[in-house]
Amino acid sequence: MSEEDVETVRGGYDAFNSGNPEGVLERLDAEVVWIEPGGGNAPAGTFNGPQSVGDEVFPPVGQYFDEFTAEPENYDDQGDTIVVTGRFKGKAKSGAELDAAFEHVYEMKDGKIARLENKVDQEAWTAGWS
């Protein structure tokens, strides 16, 4: 099941980067817990359920950025936990450049994402979201 979980997560990045947030949301457990670090205009806090993620986490990306991608570099399969490292890159409408390292810690349940914590290089993340 673990390889399938990695493919679920990998497909979420593909969907997000191709402008398909629904493709991400369909991979989330009905009771997903999604944690964002905040900084600048970035969403902050804990979001519960796919609706909250879709309504509160994704819209600010389009509101503040002309370009925004999450570029995974490594997938560390730890069974029910998958740790993905990579970089967020983008260009804010303010002109700010985003280039921030990330570590995403996923907890999987029955083939769905049950929890995601977005850990970032806070200084670079905040600068990009300013």
Exercise. In whole Å, what is the distance between the alpha-carbon centres of region 1-34 and region 74-96?
Worked result: 13 Å
Exercise. Along the charge dipole of region 2-128, Cβ charges K/R +1 and D/E -1, which of GLY54, VAL6, LEU98 sits furthest on the positive end?
Worked result: LEU98
Problem set entry | Contour excess over end-to-end distance, with Cα ends at ALA44 and ALA101 and 0.36 nm allotted per residue | 18.8 nm
Problem set entry | Extension gain (nm, one decimal) between ASN17 and ILE35, 0.36 nm per residue minus Cα-Cα | 4.5 nm
Exercise. How many percent of Cα pairs in region 2-128 exceed 22 Å?
Worked result: 28 percent
Problem set entry | Rg/Rh (Cα only; Kirkwood hydrodynamic radius) as it applies to region 1-63 | 0.98
Exercise. So how much slack lies between GLU56 and GLU4, counting 0.36 nm per residue of separation and subtracting their Cα-Cα distance, in nm?
Worked result: 15.9 nm
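No lab work stands behind these numbers, since they all come straight from the coordinates. Bear in mind the structure is a predicted one, so any value in this text is a computation, not a measurement. In this analysis, Cβ positions are derived from the backbone assuming ideal geometry, glycine residues included, and neighbour counts consider all displayed protein chains.
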